[in-house]
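Q: I'd like to ask some things about the structure below.
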Amino acid sequence: MNLMLLAAGAAPESEFGFIQAMKQGGPVAWTILAIMVIMSVGSFYILFTKLFEQNKILKQHKTVQTAFWRAGSLKEGATKLEKDGPWRQLADDAVKAQEDHGKMTDSLESHDYMHGSLQRSEDSINAVLNGGLAFLATVGATAPFVGLLGTVIGIYRALINIGIAGNASIDKVAGPVGEALIMTAIGLLVAVPAVFAFNYLQGRNRKIAALLSTFSTDLLAYMNSNGAVKPTVVAAPAAKPAAKPAAAPAPKA
């Protein structure tokens, strides 16, 4: 009985795990896996950094609605916006266009110049917002095919093993076929989040682009009307009243 237990304890571990399958795949399998890891890490990095950037821009837009249009001039309103933000960039470009307005001899030319200045500013902001999305689109489109490359190589190795051994026993094909299935699964696991992130971030970018276009139009109307035309100012949220201190107890007689 003891000999049987010792023999059972000395039985070799399974040779068909993930690491074993990758080892059988050799440098090609590890290279494809490394590419997949880089794609996945890059996709999640872009997703989280872009979400942070978008949330910051949308939060700054509340200041535009409440504080910017309450100012007496564009230059004063620009100082109320956060530096290095897209709204501050548009406001600063509007101020510069307004200052250059008097240099134009034709009123139509001055309008076109101001409109063009704001449009260029919008385009530069949108280009920054869309940065990194091309990488997500590339990962979503190519990751399944990179995984398919590993799948093809794994199946090819399985066929080679069958040809060498002269039979299709499970110990000859399990490793290469397992490697092939692993590569297919990893390719899908990398591609699906990248496609989701691309569509989600692109939708939010379109929302921000619409807000930027509205702000740019309002700035142009404000400048062309010498401040007579401006959007309705949103009232700032009222501060909560401070709690009254509790009355002191009356002294006992």
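No lab work stands behind these numbers, since they all come straight from the coordinates. These numbers were taken from a predicted model, which means no experiment stands behind them. With ideal geometry, Cβ positions are generated from the backbone for all residues, glycine too; neighbour counts draw on all protein chains shown.
Q: How long are the three semi-axes of the equivalent ellipsoid of region 28-224, in whole Å, if each is the root of 5 times an eigenvalue of the C-alpha gyration tensor, listed from largest down?
A: So the three semi-axes of region 28-224 are 56, 15, 10 Å.
Q: Would you mind checking Lys103/Lys207; Lys50/Lys103; Lys207/Lys230; Lys83/Lys230; Lys75/Lys103 for any pair whose Cα atoms are more than 29 angstrom apart? Before the final figure, lay out the partial values.
A: Values: Lys103/Lys207 35 Å; Lys50/Lys103 40 Å; Lys207/Lys230 21 Å; Lys83/Lys230 22 Å; Lys75/Lys103 19 Å.
From Lys103/Lys207; Lys50/Lys103; Lys207/Lys230; Lys83/Lys230; Lys75/Lys103, over 29 Å: Lys103/Lys207; Lys50/Lys103.
Q: How many nm separate the modelled label positions at Val152 and Ile38, each set 7 Å beyond the Cα in the direction of the Cβ?
A: Roughly 2.0 nm, to one decimal.
Q: In addition: Based on other C-beta atoms within 10 Å, arrange Trp69, Trp87 from fewest to most. Could you put the intermediate results ahead of the total?
A: On the way: Trp69 16, Trp87 22.
Fewest to most other Cβ atoms nearby, the residues stand as Trp69, Trp87.
Q: Further question: Mind jotting down a quarter of the surface of the convex hull over the alpha carbons of region 21-76, in square nanometres, one decimal?
A: Values: hull surface 22.5 nm².
About 5.6 nm², averaged over all directions.
Q: Per-residue counts of other Cβ atoms within 10 Å, averaged by peptide: what ranking do you get for 202-210, 214-222, 78-86, highest first?
A: My ranking of the peptides, most packed first, is 214-222, 78-86, 202-210.
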